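Read the structure below first, then the notes.
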Amino acid sequence: MDIFEIMKKRHSVRQYKELAIEKSKRDEINSYIEEVNAESKLEIQVFYNEPKCFDSFMAHYGKFVNVKNYIAIVGNKSEEEKAGYYGEKIVLKCQELGLNTCWVAMTHGKSQAKIKKGQKLLMIISLGYGETQGVSHKSKPIEELCRADEDIEWFKAGMEAVSLAPTAMNQQKFLFELKNGNVTAKSLGGFYSKIDLGIVKYHFEAVTGHEVN
């Protein structure tokens, strides 16, 4: 399955089955996270069979049920965009392995993540076998998400991928621009906007192979 098809199949899932993640899949996720950490210099950590993080009032308020596995993205405050970029790379890998995920900002309890001085917990991603595969989020028309000085197929394909990307509260507060063959993206503000910007940049680059500045 190509990356665009994986993006189309992946939706946020908050309720999970009582099914453990098999060792073969855990090994693959662990290895992938090691590679991502080496490339990104983030300290992304994964926890299996650890239900305490989502056994809290906030988690129940956020309608999370039976979350026993999660990925913690740890880094410096200045690395939020990078956290979104590489976190989404891992999210799509998990989807490829037949697992479900959800980006989680505040609706979780205390994680088991090791956080060094100067670092912070940037985001958590729930992980497991979903009770459902989730549903598609509503997206703004692509014309509202970008500007382009010419009509190019690869840019349109990239924006289709961007429209599939998860963002906080589905706000989609970003703008892509194609000018003289170069692509830039900027945040338009909002909650967790830097995380969101990293996520949408990864979607664009993974599908098109074109770098976003």
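Find all pairs meeting these conditions: Cβ atoms under 7 angstrom apart; at least six residues apart or on different chains; first residue within segment 28-42 and touching a residue at least 24 places away in the same chain (Cβ under 8 Å); second residue open to solvent by 60 Å² or more (accessible area, probe 1.4 Å). Taking only residues 6 or more apart or on different chains, the pairs are S40/K82; L42/K82. Inside segment 60-71, can you point out the residues that are surrounded by fewer than 22 Cβ atoms within 10 Å (Cβ to Cβ) and of a type in the set (A, V, I, L, M)? The one that is surrounded by fewer than 22 Cβ atoms within 10 Å (Cβ to Cβ) and of a type in the set (A, V, I, L, M): V65.
Yes or no, residue by residue, for (1) open to solvent by 30 Å² or more (accessible area, probe 1.4 Å); (2) part of a helix (DSSP H, G or I):
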{"site": "I21", "(1), (2)": "no, no"}
{"site": "N37", "(1), (2)": "yes, yes"}
{"site": "S78", "(1), (2)": "yes, yes"}
{"site": "L92", "(1), (2)": "no, yes"}
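Checking each residue in segment 164-179 for being open to solvent by less than 40 Å² (accessible area, probe 1.4 Å) and either farther than 19 Å from K82 by Cβ or under 16 Å from the mean Cα position of the chain (by Cα) (or both) picks out A165, P166, T167, A168, Q171, Q172, F174, L175, L178.
Taking the stated definitions as given, is Q45 closer than 22 Å to L122 by Cα, among the polar types (S, T, N, Q) and not in a helix (DSSP H, G or I)?
Numbers: closer than 22 Å to L122 by Cα: yes; among the polar types (S, T, N, Q): yes; not in a helix (DSSP H, G or I): yes.
Criteria met by Q45.
Set side by side, the residues A161, A157 differ, and just one is open to solvent by 20 Å² or more (accessible area, probe 1.4 Å) and either touching a Phe, Trp or Tyr at 6+ places or on another chain (Cβ under 6 Å) or assigned to a helix (DSSP H, G or I) (or both), which is A157. Within segment 110-141, being open to solvent by less than 70 Å² (accessible area, probe 1.4 Å) and outside any loop (DSSP other than H, G, I, E, B) holds for L121, L122, M123, I124, I125, S126, L127, G128, G130. T107 meets each of the listed conditions (1) over 27 Å from E35 (Cβ atoms); (2) modelled with pLDDT under 95; (3) surrounded by fewer than 18 Cβ atoms within 10 Å (Cβ to Cβ) apart from (3). For M159, are the conditions met, namely being of a type in the set (A, V, I, L, M) and in contact with a Cys (Cβ under 6 Å, 6 or more places away or on another chain)? Against the criterion (of a type in the set (A, V, I, L, M) and in contact with a Cys (Cβ under 6 Å, 6 or more places away or on another chain)), M159 qualifies. Against the numbered list (1) over 16 Å from M123 (Cβ atoms); (2) touching a strand residue (DSSP E or B) at 6+ places or on another chain (Cβ under 9 Å); (3) without any contact (Cβ under 8 Å) to a residue 40 or more places away in the chain, S163 comes up short only at (2).
Annotation note: of V67, V74, the sole residue that is farther than 21 Å from N170 by Cα and outside any loop (DSSP other than H, G, I, E, B) is V74.
Only one of the numbered conditions (1) open to solvent by 80 Å² or more (accessible area, probe 1.4 Å); (2) within 19 Å of the chain's Cα centre (by Cα) is violated by T101, and that is (1). Restricting segment 180-207 to residues that are assigned to a helix (DSSP H, G or I), open to solvent by 30 Å² or more (accessible area, probe 1.4 Å) and not charged (D, E, K, R) leaves a set whose member that is nearest to I142 (Cα to Cα) is V207.
The values are calculated or read from the model by the stated rules, or taken from the named source; none is laboratory data. Just so it is clear, the model here is predicted, and its values are computed rather than measured. For neighbour counting, all protein chains shown are included, and Cβ atoms are generated from backbone atoms with ideal geometry for every residue, glycine included. Surface areas here come from the heavy atoms of the whole protein model, side chains and all, with no ligands, DNA or RNA. Shrake-Rupley method; radii C 1.70, N 1.55, O 1.52, S 1.80 Å.
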